[in-house]
Amino acid sequence: MAAAGGDAERIGTLDRSHKGEPAPSVTFQSPDGKPTTLAAFKGKPLLLNLWATWCAPCVREMPMLDRLAQREGARLQVLTVSQDLEGAAKVAPFFAKAGFKALQPWLDPDVGLSTHYGVNLPTTVLYDAQGREVWRVSGDMDWDGETAKGWLAEAN
C-alpha cells in the first residue's frame with residue numbers, strides 16, 4: 001500500500017498478546033512538571049506513544065501523531081511521552097521548533113514506562129476507555145495510513 005509521496009506505508013509490528021491488561025501505575029511528568037499516571041486518562045481511549053528526540057523513527061512519527069491528535073481529539077487522547085533522560089532540557093526546544101498544534105511535552109526521564117513495557121522506541125500502546133490494553137505497536141508507523149486507521153478503529 002502506498003502512502004503520500006509514493007513511499008510504501010510504514011507499518012510497525014502489532015502485538016495483541018497483552019490485550020485486556022490494565023495500564024501500569026508508573027509515574028511520569030505532565031507538561032507542567034507534576035507527577036501523573038495513565039489512570040488519569042481513563043474515560044476515553046488513549047494512544048500512548050513512547051519516543052525520544054534521539055530516535056529518528058520517533059521524530060518522523062511526531063508530526064503524524066500531531067495530525068492524529070487534531071483529527072481524533074474528541075474521541076481519542078494522544079499522549080506522547082518522551083523517554084529522554086535529560087527531560088525538558090531536550091524536549092522543550094524540540095517542541096518549540098516543531099510547533100505542534102495538539103501534542104504536549106509529557107516526560108519520563110526515569111524511563112519508567114519503557115522499562116515497564118520492556119520495549120525499544122518507538123512503541124505505541126492503545127488503551128480502551130476503561131484503561132485496558134487493546135494492542136501495542138513496536139517500530140516506525142505511518143499514523144496517517146490506512147493500516148493505522150483500521151487498528152485505531154478498535155478503540156472504544
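The values are calculated or read from the model by the stated rules, or taken from the named source; none is laboratory data. Remember, it's a predicted structure, so these values are computed and weren't measured experimentally. A quick note on method: Cβ atoms are made from the backbone with ideal geometry, for glycine too, and the neighbour counts reach across all protein chains shown. Ligands, DNA and RNA are stripped out before the accessible areas are found, and what is left, the full protein with its side chains, is counted by its heavy atoms. Shrake-Rupley method; radii C 1.70, N 1.55, O 1.52, S 1.80 Å.
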Restricting to Cα pairs under 8 Å and 6 or more apart, the percent relative contact order of the range 48-96 works out to 49
If amide H atoms are modeled at 1.01 Å from N in the peptide plane, then the residues at a separation of 5 or more from Gln104, or on another chain, having amide H under 5 Å from its own are Thr80
Taking one equal scatterer on every alpha-carbon of the chain, how large is log10 of I(q)/I(0) by Debye at q = 0.08, 0.16, 0.17 1/Å?
-0.20, -0.85, -0.98
Stretch Arg132-Asn120 to full length: gain in nm at 0.36 nm per residue minus the Cα-Cα span?
2.2 nm
Based on Cα coordinates alone, diagonalise the gyration tensor for the range 100-156, multiply each eigenvalue by 5, take square roots, and list the semi-axes in whole Å, largest first.
20, 15, 13
Per residue, how much accessible area does the range 85-156 show when a 1.4 Å probe rolls over the protein heavy atoms, in square angstrom?
45
Can you tell which of Val91, Val78, Val119 shows the greatest fluctuation in a Gaussian network model of the chain with Cα springs below 10 Å?
Val119
Once fully extended, how much extra length lies between Ala39 and Val59, figured as 0.36 nm per residue of separation less the alpha-carbon to alpha-carbon distance?
4.6 nm
Filter Lys19/Lys101; Lys19/Lys44; Lys44/Lys97; Lys44/Lys149; Lys44/Lys90 down to the pairs with a C-alpha to C-alpha distance above 21 Å, please.
Lys19/Lys101; Lys44/Lys97; Lys44/Lys90
Taking the simple approach of a point 7 Å from Cα along Cα-to-Cβ for both Gln104 and Gln70, what is their distance in nm?
1.9
Among 9-22, 37-50, what's the highest-first ranking by average C-beta atoms within 10 angstrom per residue?
37-50, 9-22
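Please state the charge dipole magnitude for the chain, taken about the Cα centre, from unit charges on C-beta atoms (+1 on K and R, -1 on D and E), reported in debye and rounded to the nearest 20.
360
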Roughly how many whole Å is it from the C-alpha centroid of the range 98-156 to that of the range 50-91?
9
Share of the chain's accessible area from carbon and sulfur, percent, 1.4 Å?
53
